[in-house]
């Protein structure tokens, strides 16, 4: 089953859009290690923890090493050169079609002098973007942060990363947001969840945590992702003990 990241509706395998809200569903594939269904861009298998990125790199290297097939053009025989073209006969000018010479020269028309134009100074330009309606609006940059509910601590998301890892220090994937210093952090896995930034949108996905990830008190299935909106409640683990509010400004 594929769970919709927008309304959490369970859709059958192979569905491309949600049956309930018509939201496009993320593309899925199978884990080469255990055969479980995972997202195409997932980093690890939620069932067995297999490193899917290394499998994709290995498949790309095998594709580069495949020898090319012989070209079918090698069996085409050489073409026979065509016969030379016959020389063209020179054209004879017709005296009756010659342009007559004017009897007297015609003076060119007198043009008025150009009117001087004073160049106005350009106003300072502000970066703008075009909207679908044809108007232009100023480009805005959103700042995203996580507010820890239990301690009222605010954590600003890094703006130079497209994937932000949430968890605790480990030897596999060092966390970009370290949870080890917060109360009840023992229920949070070392590799717990990722926040992906695509343009102006933010998505969260569970990458195989032990105690799960909950969005607005609903469990987020492993391998699916949820588009975050300002005010969404993110609980890392059961019991709502390590909770963050997603905020945009």
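What follows draws every value from the coordinates through simple rules; no lab data is involved. What you are looking at is a predicted structure, and each value in this text was computed from that prediction instead of being measured. Using ideal geometry, Cβ is built from the backbone for each residue, glycine included, and neighbour counts are taken over all protein chains shown.
Structure notes:
- Restricting region 37-53 to residues that are under 21 Å from the mean Cα position of the chain (by Cα) and not in a strand (DSSP E or B), the residue that is farthest from residue 165 (Cα to Cα): 40
- Within region 173-183, the set of residues being loosely packed, with under 15 Cβ neighbours inside 10 Å and either over 25 Å from the mean Cα position of the chain (by Cα) or not in a loop (DSSP other than H, G, I, E, B) (or both) comprises 180, 181, 183.
- When region 20-36 is filtered for residues that are under 24 Å from the mean Cα position of the chain (by Cα) and in a loop (DSSP other than H, G, I, E, B), the ones remaining, listed by number, are 21, 22, 23, 25, 26, 27, 31.
- Here region 184-194 is the region considered, the condition is being touching a strand residue (DSSP E or B) at 6+ places or on another chain (Cβ under 7 Å) and in a loop (DSSP other than H, G, I, E, B), and the residue that is surrounded by the fewest Cβ atoms within 10 Å (Cβ to Cβ) is 190.
Yes or no, residue by residue, for (1) assigned to a strand (DSSP E or B); (2) at positive phi:
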residue: 196; (1), (2): yes, no
residue: 203; (1), (2): yes, no
residue: 208; (1), (2): no, yes
residue: 222; (1), (2): no, no
residue: 231; (1), (2): no, yes
residue: 235; (1), (2): yes, no
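Yes/no per residue for (1) exposed (fewer than 15 other Cβ atoms within 10 Å of the Cβ); (2) under 13 Å from residue 221 (Cα atoms):
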{"site": "4", "(1), (2)": "no, yes"}
{"site": "17", "(1), (2)": "yes, no"}
{"site": "20", "(1), (2)": "yes, no"}
{"site": "25", "(1), (2)": "no, no"}
{"site": "35", "(1), (2)": "yes, no"}
{"site": "38", "(1), (2)": "no, yes"}
{"site": "43", "(1), (2)": "no, no"}
